[in-house]
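The values are calculated or read from the model by the stated rules, or taken from the named source; none is laboratory data. Source: prediction; values computed, not measured. Note: ideal-geometry Cβ built from the backbone for every residue, glycine included; neighbour counts use all protein chains shown. Side chains included, ligands, DNA and RNA excluded: accessible areas come from the protein's heavy atoms. Shrake-Rupley method; radii C 1.70, N 1.55, O 1.52, S 1.80 Å.
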Amino acid sequence: MASDRIVILTGAGLSAESGLGTFRGKDGLWDTYNVEELATPEGFARNPTKVHDFYNMRRGWLADVRPNAAHFALAKLEREYGGEVLTVTQNIDPLHEDAGSSSLVHMHGELARALCAACGASRAWTEDLSLATDCPACGESGYMRPDVVWFGEMPRDMERIYAALGACDLFVSIGTSGTVYPAAGFVAEAHRAGAHTVELNLEPSEGASLFAETHYGPATEIVPAYVDTLLQDDT
């Protein structure tokens, strides 16, 4: 049966096959780097140069990655589906946009944007950041930072996200570990709204038992197949 309103949650597992690593588990980013030092406001206050170097490195990775079949499938769903489709991503990479998605919320911010902590201006940014970087909006130096949500900070657009979850009739979680809140609680929100809930993942997440339907395998295989099913049901 076709759904009128679909909310899709995506995590690092969606971009893994594009060459961007995941964060938890064996060989994850946080297995190699210290979260407290590199992804918290306190870590930035203690050693901003170290944090800038880390995010400059990650920003540099973006030049060598491209959307994969899963990203393109979700863009196709948004473009061709008869109902509303909103993608909420925990990823800070631009691969959804590069694939053609536009109905999109970056709840954890965007690596290819910079934020001025002095004036609040945010803008697209591809160059390195440092303490010497001047804000293009207000001219102050020493206040520029990656426009990403660090641990301890509030994710973006939560009011819009919860409104969409409360109105959806299909919720699909793709490539996420199910361990980080508030995103890990989205399946429960959608269930309370009466939505059908689906997990598409490489392996069962910690919250796999909360989903009514599950499919496991590489994102580049299972996401296009599931999107094709939705589009067929929509005809």
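In order along the stretch 96-106, the Karplus-derived 3J(HN,Hα) couplings, from 6.51 cos²θ - 1.76 cosθ + 1.60 at θ = phi - 60°, round to 4, 5, 4, 7, x, 6, 10, 8, 8, 10, 8 Hz, and Gly and Pro are given as x. Residue ranges 108-114, 55-61 sort as 108-114, 55-61 when ordered by packing (mean number of other C-beta atoms within 10 Å per residue, highest first). Among 150-160, 44-54, sorting by the average number of other beta carbon atoms lying within 10 angstrom of each residue, highest first, gives 44-54, 150-160. Highest mobility in the GNM of the chain, judged by mean-square fluctuation with C-alpha springs under 10 Å and restricted to ALA99, ALA70, ALA117, is found for ALA117. Over the residues of the chain, the helix contribution to mean residue ellipticity at 222 nm works out to -9500 deg cm²/dmol, using -39500 (n - 2.57) for each DSSP H run of at least 4. Each DSSP beta bridge with both residues in the chain is either parallel or antiparallel, and the antiparallel ones are about 25%.
Among the cysteines of the chain, those whose beta-carbon sits 4.7 Å or more from every other cysteine beta-carbon are CYS168. Taking amide H as placed 1.01 Å from N in the peptide plane, ARG5 has its amide H under 5 Å from the amide H of GLU84, ASP169, LEU170, each at least 5 places away in sequence or on another chain. Spin-label pair ASN56-ARG160: with each label point 7 Å from Cα along the Cα-Cβ axis, the two points sit 3.2 nm from one another. For the stretch 95-159, relative contact order (Cα pairs under 8 Å, six or more residues apart, normalised by length) works out to 36 percent. Summary of packing: across the peptides 76-86, 120-130, 191-201, the per-residue average of other C-beta atoms within 10 Å ranks them, highest first, as 191-201, 76-86, 120-130. A cut-off of 5 Å between modelled amide H atoms, ignoring neighbours fewer than 5 places along the same chain, links LEU115 with ARG145, ASP147.
Largest first, the residues ILE92, ILE161 sort by 1.4 Å accessible area into ILE92, ILE161.
Computed on protein heavy atoms with a 1.4 Å probe, the accessible areas place CYS168, CYS138 in the order CYS138, CYS168, largest first. In this structure GLU189 has an accessible area near 60 Å², from a 1.4 Å probe over the protein heavy atoms.
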